[in-house]
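So the structure is just underneath, and the comments pick up after that.
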């Protein structure tokens, strides 16, 4: 494997650890990668002379082609992303994928190695932005803007009703619009917004019990956005953990949940609330509490999408230990085409590529590329296969 590819894999894995597991495990992952790097350094040096010769030959071929005709870029993403009759996937060079639903249309405003901007004109798109360091994507619909660093979500826009829908599967995004307070949306939440009339918002299930009433209807001439209901401020003598978690104050949110009695908090929470609580505990560095919340989802809400997401989160919590593979494999068994299937296969590949079993690593790489040839882990998968080539 070339050193640039090796470094790329290191950065992707390191950032995913920080995003999903928190900084406390980053050092462990880095040490694991370093150990694998050391084990393979000796064999890499043995092949150095042959690789240099191969590179020289490739350079001669390149010079010959350049002298004939200018090369044309392959797999370029068009300016217009359309799906006339059936959904169509588009893959950007940085690994970001946009699946345009049937009848949908979007426009690429800009794109580059560090991100880009896409405007959804109508219909639905499913977005996957790899959590690589430095990527910065913006997705727009009407007056609404979604700022992304690395996540998976579905968004839809109806220009006639002026209704914007967003459903988060992993990560978090910031939704903004003129006249609207910025809204942080996290995994497991779904929001519906309108800038035309007093369309009743659909608050996330995770905060439905603590949400305050929807804003008063806007005058017909007003273009101000009507956002989904937000959690109400808790009374002075009784704080609520949900608003704190939604705002990213994870440590304080967990402290409040524990002050109220963690067992009773689990017992009184809905499936979506349990996911939110598990995420808050995970990001606050309280792995044991996080496992309790995810396990509660699995026990009390079997067969639901929330239970599937909790299973993936249990795997993410154990990552990069090999014990995480069982959770990811079970997620793939329960939701083979689920929204987190690419990440589950990618995490399995990362774990296998760090182990001593080269055959298992190759099998994981081939399995990933067979389903997601342009996915976020495709570069790592190809580097594993390249390393295994004679």
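What the table shows:
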{"quantity": "Test: residue 356 is within 18 Å of residue 324 (Cα to Cα), outside any helix (DSSP H, G or I) and not assigned by TED's automatic domain parsing to the domain that holds residue 97", "calculated": "yes"}
{"quantity": "Filter result for residue 181 (out of contact with any helix residue (DSSP H, G or I) (no Cβ under 9 Å at 6 or more places or on another chain), in a strand (DSSP E or B) and either more than 27 Å from residue 306 (Cα to Cα) or modelled with pLDDT under 75 (or both))", "calculated": "yes"}
{"quantity": "Helices (runs of 4 or more DSSP H) contained in the stretch 254-335 and holding at least 2 residues closer than 23 Å to residue 372 by Cβ", "calculated": "305-318, 324-334"}
{"quantity": "Criterion (crowded, with 21+ Cβ neighbours inside 10 Å, in a strand (DSSP E or B) and touching a residue at least 12 places away in the same chain (Cβ under 8 Å)) met by exactly one of 111, 128", "calculated": "128"}
{"quantity": "Subset tally (residues that are in contact with a strand residue (DSSP E or B) (Cβ under 6 Å, 6 or more places away or on another chain) and farther than 14 Å from residue 139 by Cα) for the stretch 93-113", "calculated": "3"}
{"quantity": "Identity of the residue in the stretch 141-155, in contact (Cβ under 8 Å) with a residue 40 or more places away in the chain and over 23 Å from residue 377 (Cα atoms), that ends up surrounded by the fewest Cβ atoms within 10 Å (Cβ to Cβ)", "calculated": "143"}
{"quantity": "Residues located in the stretch 313-335, provided they are closer than 20 Å to residue 129 by Cβ and in contact (Cβ under 8 Å) with a residue 60 or more places away in the chain", "calculated": "316, 319"}
{"quantity": "Residue count, the stretch 336-353 (criterion: without any contact (Cβ under 8 Å) to a residue 12 or more places away in the chain and assigned to a helix (DSSP H, G or I))", "calculated": "0"}
{"quantity": "Residues of the stretch 232-253 satisfying the condition of being outside any helix (DSSP H, G or I) and at pLDDT below 85", "calculated": "232, 233, 234, 235, 236, 237, 238, 239, 247, 248, 249"}
{"quantity": "Residue tally, condition over 13 Å from residue 282 (Cβ atoms) and touching a helix residue (DSSP H, G or I) at 6+ places or on another chain (Cβ under 7 Å), over the stretch 303-323", "calculated": "7"}
{"quantity": "Test: residue in the stretch 307-328 that is at pLDDT 95 or above and surrounded by fewer than 18 Cβ atoms within 10 Å (Cβ to Cβ)", "calculated": "yes"}
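Conditions tested, residue by residue: (1) over 23 Å from residue 93 (Cα atoms); (2) at pLDDT 90 or above; (3) surrounded by fewer than 19 Cβ atoms within 10 Å (Cβ to Cβ).
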{"site": "284", "(1), (2), (3)": "yes, no, no"}
{"site": "330", "(1), (2), (3)": "yes, yes, yes"}
{"site": "355", "(1), (2), (3)": "yes, no, yes"}
{"site": "358", "(1), (2), (3)": "yes, yes, yes"}
{"site": "362", "(1), (2), (3)": "yes, yes, yes"}
{"site": "368", "(1), (2), (3)": "no, yes, no"}
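The values are calculated or read from the model by the stated rules, or taken from the named source; none is laboratory data. Predicted model only: the values in this text are computed from it and were never measured. Reconstructed Cβ throughout: ideal geometry from the backbone, glycine too, with neighbour counts over all protein chains shown.
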